[in-house]
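Report on one structure; see the data block that follows.
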Amino acid sequence: MTALEELSALVTRFEAGEQQHSALWERLPVIPETNRPAAVLMLFGVLDDVPAESGRPIAPADLDVLLLERAHTLDDHPGQVAFPGGMVDPEDESVVAAALREAVEETGLDASGVRVLGTIPELGLIRSNFRVTPVLGWWDAPSPVRVVDYAESAQVFRVPVRDLLDPVNRVTATISRFGRTYTSPGFTVNGVLVWGFTGMVLSGLFDELGWTVPWDTEKLRDVDLL
C-alpha cells in the first residue's frame, strides 16, 4: 500500500469503530462538559524538493508533513511546534472547515489543493481546555506556505516523515512543573523539538500505521521553557 492508501485505511478503521486509540492517546482524556472544540490539520504529501536528512532506509521515504512553530511571544504554548489549527468558531460548518480555515490563516496554503481523508476521534488538550479533532489531509496540489502573521507563528515548514521516524531524532521530552515531571515522545528536527500534544499525536499515529522504528525511549531531552 502507498502512504496515501495507509492513511485512508486508518481513517476508515477509526470511523468504523474498528481502530482503538494508542496507549499514548489514552493519556489525553477528553472532558466534554468543560472543554471547547478545536481542530488541527495533519497534512501529509509527497516530499518536496528538500530531501530528508536521514539516509536510513526507513519507509515511507517520499512523504512529509506540515508543521509550524508558534511565536515565542504568545501566552499559550509559546515556541512550541504544532499542526496548523485552532478553536472551532461559530461560523465554521464543521471541525474540518475549522481546520482548513485555520491552516489557510496560519500558513497561507491553498485549501483547494487539500484532499480531506477524514478525522481521528477527538483528543483532550487539558491545559488549553480544548478537545481537539485531528483532520487527516493529503496534499494533492501543494502550494507555497509561509508565516502569515509573525505575532502567531515563528516559522512554517514541511518535515520529511523519514526524519521524524529516524531513531536518531527521537527522544523522550521531559518537563518539570510544580514538583511533578511530565514526559512525552519528542522529535528533534528542523532545529526544533517537537513534543507535547503534537509529539504524542505524531507518535501515536505512527504506531497505529505500523511505521514506528524502534527507538531509545530512555534518551531524555529537557524542554526549555520560554
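The values are calculated or read from the model by the stated rules, or taken from the named source; none is laboratory data. Everything numeric in this text was worked out from a predicted model, so none of it was measured. We place every Cβ from the backbone using ideal geometry, glycine too, and count neighbours over all the protein chains shown. We work out accessible area using only protein heavy atoms, side chains counted, and drop any ligands, DNA or RNA first. Shrake-Rupley method; radii C 1.70, N 1.55, O 1.52, S 1.80 Å.
With the other protein chains left in place, how much accessible area per residue, in square angstrom, belongs to the range 126-226 at a 1.4 angstrom probe?
Per residue, the range 126-226 has 46 Å² of solvent-accessible surface.
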Where N is the number of residues in the range 1-110, Cα Rg divided by 2.2 N^0.38 Å
1.25
The orientation-averaged projected area of the Cα convex hull of the chain, in nm², is 12.5 nm²
For the range 89-226, build the charge dipole from Cβ charges (+1 Lys, Arg; -1 Asp, Glu) around the Cα centre, then report which of A103, V168, N190 sits farthest towards its positive end.
V168
Separation of the T2 and E91 label points, Cα + 7 Å toward Cβ, nm:
3.6 nm
Semi-axes a, b, c in Å (a largest) for the range 54-138, each sqrt of 5 times a Cα gyration tensor eigenvalue, come to 23, 18, 14
Can you give me the Rg/Rh ratio for the range 74-190, using Cα atoms for both radii and the Kirkwood formula for Rh?
0.97
As an exercise, use a Förster radius of 25 Å and the Cβ-Cβ distance of R127 and A23 to find the FRET efficiency, rounded to the nearest 0.05.
0.75
Distribution of pairwise C-alpha distances over the range 128-191, 10 Å bins, in %
14, 28, 45, 11, 1
Taking alpha-carbon centroids only, the range 68-131 lies from the range 187-203 a number of Å equal to 16 Å
To the nearest 0.05, the calculated FRET efficiency linking D207 and L74 through their beta-carbon distance, R0 being 22 Å, is 0.15
What ranking, highest mean first, results for peptides 150-158, 48-56 when packing means the other Cβ atoms within 10 Å averaged over each residue?
150-158, 48-56
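Placing unit charges on C-beta atoms (Lys and Arg positive, Asp and Glu negative, everything else neutral), compute the dipole magnitude of the range 34-119 about its Cα centre in debye, rounded to 20.
320 debye
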Can you compute 3J(HN,Hα) from phi for each residue in the range 207-217, using the Karplus curve 6.51 cos²θ - 1.76 cosθ + 1.60 with θ = phi - 60°, rounded to whole Hz and x for Gly and Pro?
4, 4, 7, x, 8, 4, 9, x, 9, 7, 6
How much length is gained on full extension from V148 to R36, taking 0.36 nm per residue of separation minus their Cα-Cα distance?
37.8 nm
